[in-house]
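Notes follow the structure.
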């Protein structure tokens with residue numbers, strides 16, 4: 001994948017050579033302290049995953065651990081359990097009064113919900129769903145803001161054996177409609193609205209527009225969050241509170257087969273029909289509870305865990321809802337934006353609730369860098385003992401900033417690689433064991449067989465770059481694409497055959513066998529016959545002291561194949577001048593080589609991002625090509641596109 005001309009890129013980019021060994025104090029209390037765990041898992045992966053499944057409460061033990069008819073696989077065959085029981089009931093005797101969620105609403109309202117409180121609400125809603133005719137195997141759509149009723153709705157579905165399909169609250173009516181219709185959902189759970197940067201998101205209005213074209217929907221349950229006056233259709237729409245208040249707080253958990261469907265989650269950002277990723281019950285819960293426990297070194301009695309993602313994405317499913325609750329952990333659930341009412345909102349929450357672990361996206365970290373250290377410095381962040389990164393490769397400078405200014409200079413940073421499809425983290429440090437390298441996701445989790453292959457499927461070996469692959473299924477991985485198994489095969493197994501899962505990402509192995517993620521292989525530019533990763537150029541740009549964030553795309557060029565266009569957000573105190581543009585081009589040339597110099601640099605106050613923090617390079621590519629940007633419904637800051645488009649009119653004059 002990586003051209004010989006830039007084979008040295010990773011080494012050149014990552015001039016940050018420091019390595020961080022776990023401190024003796026951290027290791028002494030860590031959940032994993034012995035490196036032999038990796039060898040045990042490699043020698044007998046089935047036995048390893050059995051040991052992790054044994055952490056759960058099974059109604060009936062499985063008959064067979066693993067069955068692999070590539071590309072399909074099953075785990076813990078014959079085993080019976082219930083996810084809601086594992087996340088709630090089994091904790092009640094010993095930890096019923098423990099807080100499950102410290103919920104913080106954007107306007108300033110807040111609630112602390114114990115495991116007993118959550119169990120009560122889940123049982124009532126589960127009974128309400130049954131009263132509405134929902135039964136095992138049905139699908140329920142959930143379109144809610146980040147409020148406690150969202151995890152409650154997911155768990156209520158799991159309790160009665162109905163699969164849920166959570167649709168991100170920032171999606172449009174059309175996106176909601178398509179997902180409801182694909183899954184043939186019978187019930188929709190939504191809200192009158194939600195809060196975002198002081199504005200009310202009209203969820204019920206969007207839901208009404210969507211449901212008008214959804215024949216399968218029979219009932220719409222509406223949470224009263226904003227108390228706005230909304231349309232309530234008689235006979236179809238039901239107020240959430242009215243429904244649950246009429247129900248019993250006792251509801252027996254349905255005995256589910258390990259391979260029964262738990263949820264469908266549709267991948268976003270693609271053109272064409274969304275892919276409904278299917279996750280099942282026993283394997284998925286095994287994977288998320290194991291990774292959450294070991295990678296985040298969870299101590300349920302004392303930790304306050306904050307995954308600052310949205311439950312509408314897989315990160316929220318796995319590490320706001322199912323992983324933390326399965327482990328009996330206390331979490332923070334925040335409804336709003338990180339900069340509302342000011343840019344220190346997150347740090348105020350960390351201080352108030354004494355968060356011990358923070359898990360967020362590199363884009364969020366780089367945004368905080370852009371805002372400057374005055375905001376975190378206003379608050380006492382000494383409760384934080386561990387930091388995590390998720391969503392895309394983290395550049396070394398952001399890693400160091402995160403550790404230094406948020407983690408106090410000594411908190412380990414676990415950078416994690418995984419996807420919607422894998423269900424749980426696949427590559428990450430174990431913080432009590434692993435020597436950390438800023439910018440590297442380090443090594444595969446025990447029981448995960450990851451590697452890097454060349455175009456022909458051969459191993460590239462240490463020091464080589466190519467295609468990241470998983471060579472053996474893990475329990476938490478998805479089973480298929482809902483209603484389209486052929487697409488499952490073609491999308492993920494066509495390149496290297498049915499036994500090799502190709503996630504679409506590029507990676508490089510360093511001399512120690514550490515993984516350095518390069519982002520999507522379709523985010524590779526062909527510049528004068530040389531293949532250059534957008535991530536490589538972005539990392540070089542943000543390595544410069546004047547740059548807070550950068551996004552790089554390729555623009556078609558009849559001579560060069562593609563030219564490189566960079567969208568750069570300067571740090572506070574720096575201006576996007578012609579002098580800085582020249583300096584940045586020279587900097588990239590020095591770090592990578594002249595071929596990688598951006599031909600055009602556009603300075604902007606912000607970059608288009610989803611609410612989960614991912615930069616929408618697809619939209620920037622449209623702008624660079626002079627085309628109207630595509631679907632913007634997932635953006636949290638859509639107005640920035642108009643500013644960027646205006647500045648992009650001068651692209652020609654910026655070419656160098």
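Identify all residues within region 129-148 that are surrounded by fewer than 24 Cβ atoms within 10 Å (Cβ to Cβ) and under 15 Å from residue 103 (Cα atoms); write none if there are none.
Across region 129-148, the qualifying residues are 147, 148.
In contact with a helix residue (DSSP H, G or I) (Cβ under 7 Å, 6 or more places away or on another chain), over 21 Å from residue 594 (Cβ atoms) and either crowded, with 17+ Cβ neighbours inside 10 Å or in the same structural domain as residue 605 (by TED's automatic domain parsing) (or both): which single residue out of 548, 540 fits that description? Give the steps one after another, and end with the answer.
On the way: 540 fails: over 21 Å from residue 594 (Cβ atoms).
Matching residue, one of 548, 540: 548.
Would region 35-58 turn up any residue that is part of a loop (DSSP other than H, G, I, E, B), under 30 Å from residue 539 (Cβ atoms) and assigned by TED's automatic domain parsing to the domain that holds residue 221? Step through it out loud before you land on a result.
First, pick out the residues of region 35-58 that are part of a loop (DSSP other than H, G, I, E, B): 35, 44, 54-58.
If we keep only those that are under 30 Å from residue 539 (Cβ atoms) too, we end up with 35.
Now restrict to residues that are assigned by TED's automatic domain parsing to the domain that holds residue 221: 35.
Yes - at least one qualifying residue is present in region 35-58.
So residue 220 ticks every box in (1) under 23 Å from residue 266 (Cα atoms); (2) touching a residue at least 40 places away in the same chain (Cβ under 8 Å); (3) touching a strand residue (DSSP E or B) at 6+ places or on another chain (Cβ under 7 Å) but one. Which box is left unticked?
(2)
Could you grab me the full set of residues in region 230-279 that are without any contact (Cβ under 8 Å) to a residue 60 or more places away in the chain and within 24 Å of residue 478 (Cβ to Cβ)?
Listed by number, the residues that qualify are 270, 272.
Can you tell me which condition residue 115 does not meet? The list is (1) touching a helix residue (DSSP H, G or I) at 6+ places or on another chain (Cβ under 6 Å); (2) within 18 Å of residue 263 (Cα to Cα), and all the others hold.
The one condition residue 115 does not meet is (2).
Return yes or no: is residue 125 surrounded by fewer than 24 Cβ atoms within 10 Å (Cβ to Cβ), within 30 Å of residue 92 (Cα to Cα) and at pLDDT 95 or above? Can you show your working first?
Numbers: surrounded by fewer than 24 Cβ atoms within 10 Å (Cβ to Cβ): no; within 30 Å of residue 92 (Cα to Cα): yes; at pLDDT 95 or above: yes.
Considered against the rule, which asks whether it is surrounded by fewer than 24 Cβ atoms within 10 Å (Cβ to Cβ), within 30 Å of residue 92 (Cα to Cα) and at pLDDT 95 or above, residue 125 comes out as no.
May I ask you to list pairs of residues, at least six apart or on different chains, whose Cβ atoms are under 9 Å apart, with the first in region 280-296 being on the phi < 0 side of the Ramachandran plot and modelled with pLDDT under 95 and the second being part of a helix (DSSP H, G or I) and crowded, with 24+ Cβ neighbours inside 10 Å?
none
As an exercise: evaluate residue 419 against (1) in contact (Cβ under 8 Å) with a residue 40 or more places away in the chain; (2) surrounded by 19 or more Cβ atoms within 10 Å (Cβ to Cβ); (3) assigned to a loop (DSSP other than H, G, I, E, B) and give the number of the one condition it does not meet.
Unmet for residue 419, out of (1) in contact (Cβ under 8 Å) with a residue 40 or more places away in the chain; (2) surrounded by 19 or more Cβ atoms within 10 Å (Cβ to Cβ); (3) assigned to a loop (DSSP other than H, G, I, E, B): (2).
Let me confirm something: among 506, 464, 497, 519, which residue is surrounded by fewer than 19 Cβ atoms within 10 Å (Cβ to Cβ) and either within 30 Å of residue 560 (Cα to Cα) or not assigned by TED's automatic domain parsing to the domain that holds residue 276 (or both)?
Working: 506 fails: surrounded by fewer than 19 Cβ atoms within 10 Å (Cβ to Cβ); 497 fails: either within 30 Å of residue 560 (Cα to Cα) or not assigned by TED's automatic domain parsing to the domain that holds residue 276 (or both); 519 fails: surrounded by fewer than 19 Cβ atoms within 10 Å (Cβ to Cβ).
Answer to the check: 464.
Name the residues in region 186-206 that are under 16 Å from residue 139 (Cβ atoms) and touching a helix residue (DSSP H, G or I) at 6+ places or on another chain (Cβ under 8 Å), would you?
Going through region 186-206, the residues under 16 Å from residue 139 (Cβ atoms) turn out to be 186-190.
Across region 186-206, the qualifying residues are 187, 188, 189, 190.
Out of the strands (runs of 3 or more DSSP E) lying entirely within region 478-589, which hold 2 or more residues that are within 30 Å of residue 627 (Cα to Cα) and without any contact (Cβ under 8 Å) to a residue 60 or more places away in the chain? It would help to see each step written out before you state the result.
Values: elements: 505-509, 515-520, 524-527, 530-533, 547-557, 561-570.
So the answer is 524-527, 547-557, 561-570.
Whether any residue in region 242-265 is within 30 Å of residue 622 (Cα to Cα) and outside any strand (DSSP E or B) is what I want to check.
no
The values are calculated or read from the model by the stated rules, or taken from the named source; none is laboratory data. On a predicted model such as this, the values are computed, not experimentally measured, just so you know. Neighbour counts are summed over all protein chains in view; Cβ atoms, including those assigned to glycine, are modelled from backbone coordinates with ideal geometry.
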